[in-house]
Every structure is written in structure tokens, then in C-alpha cells.
Amino acid sequence: MKRGLFFTITVFCLIFSIILLPFSFAEGKSLKNYYCPKCGTHIESVNQPLMGTCPSGGGHHWHCLGEVGDRNYQCSKCGLVVKSKNTPYGNVPCKNGGGHNWKRIS
Ligand SMILES: [Zn+2]
Ligand SMILES: [Zn+2]
């Protein structure tokens, strides 16, 4: 009886890992830049960050700026500096209005 239960649990774990494995790979585990235009907060995260509490009211409104890399880009409008692989996405709203105006600084 106990052996049967153990076997069932093992089989279930195996099936679950087989089902979930492709999903965790497809997600992509690279570090990305996220920016909240409401308060100007920038963080680096692998997954979409939680909304949390935005100092400007409600939850943060996270926008992805692209993958984190070893180049430094600065927005000439708000002064935000991000480490990015390529030029950060330009369609993300800037805290100071319009889109960010990225300049490579190093
Ligand atoms: Zn915010
Ligand atoms: Zn900006």
C-alpha cells in the first residue's frame, strides 16, 4: 500500500517536471530592465516585477526596456542610466513626458 503511494507520487513528479520544463525554458532567463514612468523607478529583473506600491499612487506600471548588458545608456530627459545590451526601447514613456531620449555614454 505504502509502496504504491510512493510510486504514484514519483510518477506525478516526473510528469509535472516534463510538462513544466519547456515552459521555464521558453520564458528566457535573461535579466531585463524595467521602468515605471509614474515614479521613475528602474529595476533589473528576470521576470515582470510585481506591481507593488507606486509612490505616485496605485501600483507601479512596469515597462520593459530590454535586456541588461554592459553598455551604459542615459536618458537626456530624466537622467536615468541603464546598463543595456542594445539601445533601450524608445517607446517607453519618460517621467518627464514623451519617450526616453537614450544616449550611449559608455
Ligand atoms: Zn512607480
Ligand atoms: Zn527619460
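Under the rule of at least 5 residues apart or a separate chain, name every residue whose amide H is placed under 5 Å from the amide H of residue 77.
Those lying under 5 Å, H to H, from residue 77 are 101.
Any idea how far apart residue 53 and residue 71 come out in nm if each label point goes 7 Å out from Cα toward Cβ?
3.9
To the nearest 10 degrees, how steep is helix 2-26 against the longest Cα principal axis of the chain, on a 0 to 90 scale?
Relative to the chain, helix 2-26 is tipped by roughly 30 degrees.
By its C-alpha gyration tensor, with a ≥ b ≥ c as the square roots of the eigenvalues, how is the range 41-87 shaped: rounded for a/c under 1.5, else prolate for a/b larger than b/c, else oblate?
oblate
Please state the relative contact order of the range 62-104 as a whole percent: Cα pairs under 8 Å, 6+ residues apart?
Relative CO of the range 62-104 lands at 41 percent.
Return a whole-number percent for the relative contact order of the chain, with Cα pairs under 8 Å and 6 or more residues apart as the contact set.
Computed value for the chain: 20 percent relative contact order.
What spacing in nm lies between the two simple spin-label points modelled at residue 18 and residue 61, each 7 Å away from Cα in the Cβ direction?
Result for the modelled spin labels: 4.6 nm.
Read-outs throughout are calculated quantities, based only on the coordinates presented, and are distinct from any laboratory measurement. Keep in mind that this is a model prediction, so the values were computed, not measured. Neighbour counts run over all protein chains shown; Cβ positions are idealised from the backbone, glycine included.
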